[in-house]
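Report on one structure; see the data block that follows.
The values are calculated or read from the model by the stated rules, or taken from the named source; none is laboratory data. Computed from a predicted structure; not experimentally measured. Cβ: placed from backbone, ideal geometry, glycine included. Neighbour counts: every protein chain shown.
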Amino acid sequence: MHSHLHTAQNANCEAIMTALDECHARGFLHKALGNCNDIKRDVNKCLAEERYQHAKENRNEARNNRKRIEKIWAEERALEQGISLNAEAKQ
């Protein structure tokens, strides 16, 4: 069973998860005979798509943060080199 299915991150899968809960509520024998398997596969597929989207968003955010930080580092290096060149010119 999936832990914490009904969360804000999985809002797009809410209808399928509710259907799975209703199927499981029909009783043990209903589940044991595999009557909920198709719904469970749909839940797994939906959750996998949600996880993929979140990972994609996180990757893009990390790339953007990395570019921003590398730009700051480049500016600091240029500033340090400019200062060190000026210091050498004075000597």
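The table for this structure:
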item: Positions within the range 16-64 being of a type in the set (A, V, I, L, M, F, W, C) and more than 21 Å from the chain's Cα centre (by Cα), in sequence order; result: Ala19, Leu20, Cys23, Ala25, Phe28, Leu29, Ala32, Leu33, Cys36, Ile39
item: Verdict on Lys71 being surrounded by 10 or more Cβ atoms within 10 Å (Cβ to Cβ), free of Cβ contacts under 8 Å to residues at least 60 places away in the same chain and within 20 Å of Ala11 (Cβ to Cβ); result: no
item: Complete set of residues in the range 50-68 that are among the charged types (D, E, K, R), under 16 Å from Ala11 (Cβ atoms) and either at pLDDT 95 or above or surrounded by fewer than 12 Cβ atoms within 10 Å (Cβ to Cβ) (or both); result: Glu57
item: Hits in the range 34-51 - residues which are of a type in the set (Lys, Arg) and without any contact (Cβ under 8 Å) to a residue 12 or more places away in the chain; result: Arg41, Lys45, Arg51
